[in-house]
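Comments concern the structure below.
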């Protein structure tokens, strides 16, 4: 049997944690509470009972599983399936990229979940 090759840039990890999503509609911002499903250094899959249009810019906020350090990063909704959203992180600051890399290493270190 042939083994499948993972062609993704980032390894994905299960992530069960609270997520806040802020959508900037230029006139006013909308904040939506959601739940993380999967995390990678390049983005997050989340569940939110909201209408987040594909292509919209968002700010995602959640806490790291072990240290509960707040993570705030800009992102872009890349895909949607009902209330599941794929958000690509748009981290242009080196501090954001370093924080995401540390968090990814934390996930690689073991099973994690947060409240």
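The values are calculated or read from the model by the stated rules, or taken from the named source; none is laboratory data. Since the structure is predicted, the reported quantities are computational estimates derived from the model, not experimental observations. Glycine also receives a Cβ, built like all others from the backbone with ideal geometry; neighbour counts cover every protein chain displayed.
Remarks
- Filtered residues of the stretch 27-44 (kept if in a strand (DSSP E or B) and surrounded by 15 or more Cβ atoms within 10 Å (Cβ to Cβ)): 32, 34, 35, 36, 37, 38, 39, 40, 43, 44
- Residues of the stretch 65-104 that turn out to be over 20 Å from residue 51 (Cα atoms) and either out of contact with any strand residue (DSSP E or B) (no Cβ under 7 Å at 6 or more places or on another chain) or touching a residue at least 40 places away in the same chain (Cβ under 8 Å) (or both), as a count: 15
- Within the stretch 20-31, the set of residues being touching a strand residue (DSSP E or B) at 6+ places or on another chain (Cβ under 8 Å) and at pLDDT below 95 comprises 22, 23, 24, 29, 30, 31.
- Given (1) in a loop (DSSP other than H, G, I, E, B); (2) over 13 Å from the mean Cα position of the chain (by Cα), number of the condition residue 98 does not satisfy: (1)
- Out of 89, 47, 62, one residue alone is surrounded by 12 or more Cβ atoms within 10 Å (Cβ to Cβ) and modelled with pLDDT of 95 or more. It is 47.
- The one condition in (1) within 17 Å of residue 91 (Cα to Cα); (2) touching a helix residue (DSSP H, G or I) at 6+ places or on another chain (Cβ under 9 Å); (3) at pLDDT 85 or above that residue 56 fails to fulfil: (2)
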